[in-house]
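Just so you know, all these numbers are worked out from the coordinates, no wet-lab data involved. Here the structure is a predicted model, which is why all the values come from computation and not from measurement. Note: ideal-geometry Cβ built from the backbone for every residue, glycine included; neighbour counts use all protein chains shown.
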Amino acid sequence: MDIGGFQKNSLIDFPETIACIIFTQGCNFICPYCHNPDLVAGPQKRAGNLYDENKIFKFLKKRKGFIEGVVITGGEPTLQNDLLLFCQKIKNLGYKLKIDSNGTRPEVLTTLLKNKLVDFISMDIKTSLENYHLVIPQKFDPLKIVKSTRLLMNKAPAYEFRTTCSRPFVSKKIMDDIGKMITGASKYILQKCSRDVNVLDPDFVTTDKNFFSDKEMLELQKTIEKYVVKSVVR
Ligand code: SF4
């Protein structure tokens with residue numbers, strides 16, 4: 001595993017679970033508002049050393065009983081070749097496991113679920129299907145996103161979908177399209193896009209029109225709430 005970051009504990013990243021967070025290095029997306037810009041580049045291009053996996057397992061063995069779960073986020077975890085083995089090792093230690101994913105590799109999510117290696121999946125939905133080319137530079141079939149949403153809704157023990165809301169990736173029309181794609185989903189989170197952090201494209205955060213006001217966020221929520229069981233703005 002290419003691990004670019006490690007946080008020893010968190011009370012907010014895994015619902016009802018005290019967890020540590022493992023950040024994988026490398027992502028296939030280029031979201032301009034990305035809050036983890038250092039993790040987007042592949043491991044060869046990373047400035048600084050990667051984390052030693054063995055040290056993380058040593059920590060997990062020692063903290064058993066104090067920490068209940070592990071979150072693997074990124075970057076994009078499903079790009080890691082040895083993710084399954086890594087997850088298996090975590091599960092063997094008795095931890096609950098949550099994966100955050102952009103949903104581009106439903107085949108990896110399928111294997112994780114089939115092998116009962118994951119307890120919770122949080123999937124980002126970046127925009128409507130026809131706009132995915134705005135965040136993924138290489139050729140990509142957006143139907144993979146649909147496949148991942150179906151998979152989570154039908155097979156995941158627990159899941160949530162979430163969208164970082166900013167223009168041009170989100171509008172009322174786009175929110176409506178997302179709602180149609182995930183009709184019946186148990187939980188959908190609309191995340192306000194933050195301007196006060198280091199992001200992948202610094203010009204993006206200096207452009208006012210990219211951001212929604214609190215009132216506009218509630219209007220977006222109104223658009224989608226009829227499609228899902230529960231929607232949350234945060
Ligand atoms: S926000 Fe997530 S999917 Fe987008 S570039 Fe950053 S790590 Fe990748």
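What to note about this one:
- Our helix-only sum for the chain, with -39,500 (n - 2.57) per DSSP H run of n ≥ 4 divided by its residues, gives a mean residue ellipticity at 222 nm of -8500 deg cm²/dmol.
- Qualifying chymotrypsin sites (Phe, Trp or Tyr not before Pro) in region 1-98, DSSP loop, other Cβ atoms within 10 Å at most 15: Phe66
- For the pair region 119-143 / region 3-17, the C-alpha centres are spaced 24 Å from each other.
- Among the trypsin sites (Lys or Arg not before Pro) within region 24-122, those in coil by DSSP and having at most 14 neighbouring Cβ atoms inside 10 Å are Lys116.
- For the pair region 58-114 and region 182-199, the centres of their Cα atoms are 22 angstrom apart.
- Legend: residue pairs Lys155/Lys230; Lys96/Lys215; Lys98/Lys126; Lys116/Lys172; Lys155/Lys215, Cα-Cα distance threshold 26 Å; pairs beyond threshold, Lys96/Lys215; Lys116/Lys172; Lys155/Lys215.
- Count Lys and Arg as plus one, Asp and Glu as minus one, and take only other residues whose Cβ is under 10 Å from that of Ser231; the net charge is then +3.
- Over region 3-165: Kirkwood hydrodynamic radius from C-alpha pairwise inverse distances, Å: 16.1 Å
- Dipole magnitude for the chain: computed about the Cα centre from +1 point charges on Lys and Arg Cβ and -1 point charges on Asp and Glu Cβ, it is near 720 debye.
- By the count of other C-beta atoms within 10 Å, a proxy for reagent exposure, Asp38, Asp196, Asp214 are ordered fewest to most as Asp196, Asp214, Asp38.
- Which listed pairs, of Lys55/Lys144; Lys144/Lys173; Lys45/Lys192; Lys55/Lys139; Lys91/Lys187; Lys55/Lys91, have C-alpha distances above 27 Å, in listed order: Lys55/Lys144; Lys45/Lys192; Lys55/Lys139
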